[in-house]
1. Name every residue in region 95-106 that is out of contact with any Asp or Glu (no Cβ under 6 Å at 6 or more places or on another chain) and farther than 17 Å from Gly183 by Cα, in order of residue number.
2. List, please: which pairs have Cβ atoms under 9 Å, are six or more places apart or on different chains, and start with a residue in region 36-59 that is of a type in the set (S, T, N, Q) and end with one that is open to solvent by 60 Å² or more (accessible area, probe 1.4 Å)?
3. Scanning for something more than 21 Å from Thr182 (Cβ to Cβ) and surrounded by 20 or more Cβ atoms within 10 Å (Cβ to Cβ), does region 71-78 turn up at least one residue?
4. Search region 115-140 for residues being in contact with a strand residue (DSSP E or B) (Cβ under 8 Å, 6 or more places away or on another chain) and of a type in the set (S, T, N, Q), and hand back the single one that is nearest to Met89 (Cα to Cα).
5. On the given criteria, is Lys170 farther than 24 Å from Gly28 by Cβ, assigned to a helix (DSSP H, G or I) and open to solvent by 50 Å² or more (accessible area, probe 1.4 Å)?
6. Going by the conditions given, is Lys116 closer than 17 Å to Val157 by Cα, part of a helix (DSSP H, G or I) and open to solvent by 30 Å² or more (accessible area, probe 1.4 Å)?
7. For region 141-154, give me each residue that is crowded, with 17+ Cβ neighbours inside 10 Å and either farther than 16 Å from Ile93 by Cβ or of a type outside the set (Ser, Thr, Tyr) (or both).
8. Looking only at residues in region 50-70 that are surrounded by fewer than 20 Cβ atoms within 10 Å (Cβ to Cβ) and among the aliphatic types (A, V, I, L, M), which one is nearest to Asn186 (Cα to Cα)?
Amino acid sequence: ILNGQTIWLHSNYLIPASKVVIIDAGHGGTDPGAQGNGLREKDITLDIALRTQRLLKANGFTVIMTRTTDKTIRLAERTKLANNSKANMFVSIHVNAGGGTGIETWWQSNAPEAQKSNALAKNIQNELVKETNVRDRGIKDGNLHVNRETNMPSALVEVGFIDNSNDAAKLKQERYRNQIATGIVNGIKKYFQIFH
């Protein structure tokens, strides 16, 4: 009710508060992940995951984190947590290596929720590129444990190349890590406008 009048909003504009999102900070503890240019993947992923968690909570989502500190968690533990929690989606954050540049998002075509995972990956990738203006490496279909073993729509984001000096310089900036978190959250919100 606004100024004594009832205003109706189409449900497309509302995201139900009951949506549960798992945010997975890749690697951790005894597994540092990729390393380069004075950075460790496990530190970058945790920092971005925590920023993403804060933004999602501010937007009314329930957020479950696979880790909030620098600890070792096996892949099977991550997917078991996701499946046991009956979450609406799983998003894993990683940093790439291998000499490229830019951002890419992975999904799996033979996973339990393949069509929705594809839509999730596309939305996150598009919003990340829009937010950061870095090279768009697109979405990729691959056999990754966290996408294969989760029962809900899932995507794995590679937010830049740790062994590329330009990407690493960006990853060192708090502003850039905020942009990454914003892009992920905007992609999640866009996804839920389609599948609500």
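1. Those that are out of contact with any Asp or Glu (no Cβ under 6 Å at 6 or more places or on another chain) and farther than 17 Å from Gly183 by Cα: Gly98, Gly99, Gly100.
2. Close Cβ pairs (under 9 Å, with a partner that is open to solvent by 60 Å² or more (accessible area, probe 1.4 Å)) amount to Asn37/Asp163; Asn37/Ser165; Asn37/Lys172; Gln53/Thr68.
3. Yes, there is a match, as at least one residue in region 71-78 is more than 21 Å from Thr182 (Cβ to Cβ) and surrounded by 20 or more Cβ atoms within 10 Å (Cβ to Cβ).
4. If we take residues in region 115-140 being in contact with a strand residue (DSSP E or B) (Cβ under 8 Å, 6 or more places away or on another chain) and of a type in the set (S, T, N, Q), then Ser117 is nearest to Met89 (Cα to Cα).
5. No, not satisfied.
6. Spelling it out, Lys116 is indeed closer than 17 Å to Val157 by Cα, part of a helix (DSSP H, G or I) and open to solvent by 30 Å² or more (accessible area, probe 1.4 Å).
7. Leu144, Val146, Asn147, Glu149, Met152, Pro153
8. Leu55
The values are calculated or read from the model by the stated rules, or taken from the named source; none is laboratory data. Just so we're clear, the structure is a prediction, and the values are computed from it rather than from any experiment. Please note: Cβ atoms are built from the backbone with ideal geometry, for glycine as well, and neighbour counts cover all protein chains shown. Areas reflect the complete protein model, heavy atoms only, side chains present, ligands, DNA and RNA absent. Shrake-Rupley method; radii C 1.70, N 1.55, O 1.52, S 1.80 Å.
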